[in-house]
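Okay, structure first, notes after.
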Amino acid sequence: AEEAENLLRPLKEPGNSYTKICFSNRSFGLEAARVAEPILVSLKNQLKEVDLSDFIAGRPETEALEVMNIFSAALEGSVLKSLNLSNNALGEKGVRAFGSLLKSQSCLEELYLMNDGISEEAAKAVCELIPSTEKLKVLHFHNNMTGDEGALAISDVVKRSPLLEDFQCSSTRVGSGGGVALAKALESCTNLKKLDLRDNMFGVEAGVALSKALSKHLDLVEVYLSYLNLEDEGTVAIANALKESAPSLEVLEMAGNDITAAAAPTIAACIAAKQHLTKLNLAENELKDEGTIQISKALEEGHSLLKEVDMSTNFIRRAGARHLAQVVVQKPGFRLLNINGNIISDDGVDEVKEVFKKYPDVLGSFDENDPEGDDDDDDDDDDGEKSGEGEANEDELESKMKNLEVGQEE
């Protein structure tokens, strides 16, 4: 209480013009909450941004819920643009403890509910308690245990948010059914600029459903779709959709989706059309040399804003690594090429380092590269790299692909 009194004293000064409070990383007990209560009541008509993330850490549940109730009641009726309740292990009880505050908000533009232990029931409570999201532009829902049923509730919130520009629903244990529901809801959010759905269990069906939504998003600038089990079919559908929409796309991340070289022509055609691209992440897939060279060729023309490419862990050998290096090193503001975790021969690594000899800091580490690695293809000789036969095959592959027309559909 004494510390709260000292810290919050400026807020008690008559005629102050504070419009934002951030109590994040301060653990409020009951006594401190009671000190804050009248101050918040006196300020609530001028406050526009309230950050209560991680403000009850280490408190017993009973005390934490009472503190939330006090803050909620004190701020009820304020006209907030931004509310951050992240990192509070809310669960359904916590969401409902903030019920009076949430119910009174009809002008929210930003809502953050990250790392809050939001289960299916808690997600339904969020959907029920927020009366209007017509002005909502930012909804961040990272690292919760929402699951498919909870995703249905969040989908309802998304559907009612036509102005949404920035939606994050990553690491929320959403499977195919919930992914399809979110994808359909996103179709109505035609102002979307940033979409982050990383680390869920969408699968192919949800990926295809998402592609339909993405075809309507002309303003997209950042797309994060890593670790969604999209496979080739889902990836191809999304790449085709993005090729025709999102002309100003700057960031594309599709790591860890079991993408093979079969999907590379479609990805390459999409990338070729994205001249504003600054960051491309296709790590932890199975693109191999064939896919890597096709994607490299897509980056050859223009792409002067490109700054970062991550193609680590893709079974890339010497030919693919060399081709990619030769393309990106020519980009004026390029900052990082990550091709670690591949199977590039020692000579291949030396060649890539030679390409970057003027810019050694731009080339990532090779500490996880396996020069004697095998990509498990039946037609590859296990010790081809060592005998030189593998490298000859790579050179043959590269020469075959010289005439590849990026932009052709398979």
**Report entry** Simple Cβ-charge dipole of the chain, Lys/Arg +1 and Asp/Glu -1, about Cα centre, in debye nearest 20
**Finding:** 3360
Report task. Can you send over the solvent-accessible area of V79, 1.4 Å probe, protein chains only, in Å² to the nearest 10? Result -> 80
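Can you tell me the FRET efficiency between S106 and T62 if r is taken as the Cβ-Cβ distance and R0 is 25 Å, rounded to the nearest 0.05? List each step's numbers first, then the result.
Working: r = 31 Å, r/R0 = 1.24.
E between S106 and T62, to the nearest 0.05, is 0.20.
Show that you can apply the helix-only estimate: for the chain, add -39,500 (n - 2.57) for every DSSP H stretch of four or more residues, divide by all residues, and state [θ] at 222 nm to the nearest 500. Write down the numbers at each step before the final one.
Numbers: 16 runs with 171 residues, N = 410.
Taking each H run of at least 4 residues, the total per residue is -12500 deg cm²/dmol.
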Requested in this report: Answer with one residue from S27, T292, A122: the one whose Cα lies farthest towards the positive end of the charge dipole of the chain, charges on Cβ with Lys, Arg +1 and Asp, Glu -1.
Outcome: S27
Report task. Tabulate in residue order the Karplus-calculated ³J(HN,Hα) for segment 334-342, using 6.51 cos²θ - 1.76 cosθ + 1.60 with θ = phi - 60°, rounded to whole Hz; enter x for Gly and Pro. Result -> 5, 10, 7, 10, 10, 10, 5, x, 9
Report task. With r as the distance between the Cβ atoms of K135 and L30 and R0 = 35 Å, compute the FRET efficiency 1/(1 + (r/R0)^6) and round to 0.05. Result -> 0.55
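Dipole magnitude of segment 272-354 about its Cα centre, charges +1 at Lys/Arg Cβ and -1 at Asp/Glu Cβ only, in debye to the nearest 20? The partial results should precede the final answer.
On the way: 11 positive and 13 negative charges, 70 e Å.
Roughly 340 debye for segment 272-354.
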Report task. Quick one: angle between helix 203-214 and the longest Cα principal axis of the chain, in degrees between 0 and 90, rounded to 10, please. Result -> 80
**Report entry** Cα convex hull of segment 1-60 - mean projected area over all directions, nm²
**Finding:** 4.0
Query raised in the report: Within straight cross-link reach of K184, meaning Cα distance under 23 Å, which lysines are found once same-chain residues fewer than 8 apart are removed?
Result: K124, K135, K137, K159, K193, K194, K212, K216, K243
Requested in this report: Calculate the dipole size of segment 179-318 relative to its Cα centre from +1 charges on Lys and Arg beta carbons and -1 charges on Asp and Glu beta carbons; express the result in debye to the nearest 20.
Outcome: 300
Requested in this report: Compute the relative contact order of segment 187-303 as a whole-number percentage, counting only Cα pairs closer than 8 Å that sit 6 or more residues apart in sequence.
Outcome: 24
**Report entry** Under 13 Å between alpha carbons - lysine pairs in segment 1-118 that sit 8 or more apart or on different chains
**Finding:** 6
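What accessible area per residue, rounded to a whole number of Å², is obtained for segment 162-269 using a probe radius of 1.4 Å? If you can, show how the numbers build up before the last one.
Values: 3410 Å² over 108 residues.
In whole numbers, segment 162-269 has 32 Å² accessible per residue.
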Report task. Any chance you could give the angle, 0 to 90 degrees and rounded to 10, that helix 288-300 forms with the longest Cα principal axis of the chain? Result -> 80
Requested in this report: Taking DSSP loops as anything outside H, G, I, E and B, show the longest stretch in the chain free of trypsin sites (Lys or Arg not before Pro) there with at most 13 other beta carbons within 10 Å.
Outcome: 1-356
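Expressed as a rounded percentage, what relative contact order does the chain have, with Cα pairs under 8 Å and six or more residues apart? Spell out each step's value before the answer.
On the way: 996 pairs, mean separation 30.9, N = 410.
8 percent.
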Requested in this report: For the chain, give the percent of accessible area contributed by carbon and sulfur heavy atoms, probe 1.4 Å, rounded to a whole number.
Outcome: 45
**Report entry** Charge-dipole axis of the chain as Lys and Arg at +1 and Asp and Glu at -1 on Cβ define it, positive-most pick from G15, A206, S78
**Finding:** G15
Report summary line: Taking a ≥ b ≥ c as the square roots of the Cα gyration tensor eigenvalues, with a/c under 1.5 meaning rounded and otherwise prolate when a/b beats b/c or oblate if not, segment 1-128 comes out oblate
Query raised in the report: Which label marks the calculated value of Rg and Dmax of the Cα atoms in Å, given the options (i) 25.3, 82; (ii) 28.2, 87; (iii) 24.2, 89?
Result: (i)
Query raised in the report: Once Lys and Arg get +1 and Asp and Glu get -1 on their Cβ, which of S304, L249, A268 lies farthest toward the positive end of the dipole of segment 244-335?
Result: S304
Query - Globularity ratio of segment 239-280, using Cα Rg and 2.2 N^0.38 Å - result: 1.10
Query raised in the report: To the nearest 0.05, what FRET efficiency results for K48 and D350 with a Förster distance of 60 Å applied to their C-beta separation?
Result: 0.55
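The values are calculated or read from the model by the stated rules, or taken from the named source; none is laboratory data. Note that the coordinates shown come from a computational prediction; the quantities given were computed from them, not determined experimentally. Note: ideal-geometry Cβ built from the backbone for every residue, glycine included; neighbour counts use all protein chains shown. Areas reflect the complete protein model, heavy atoms only, side chains present, ligands, DNA and RNA absent. Shrake-Rupley method; radii C 1.70, N 1.55, O 1.52, S 1.80 Å.
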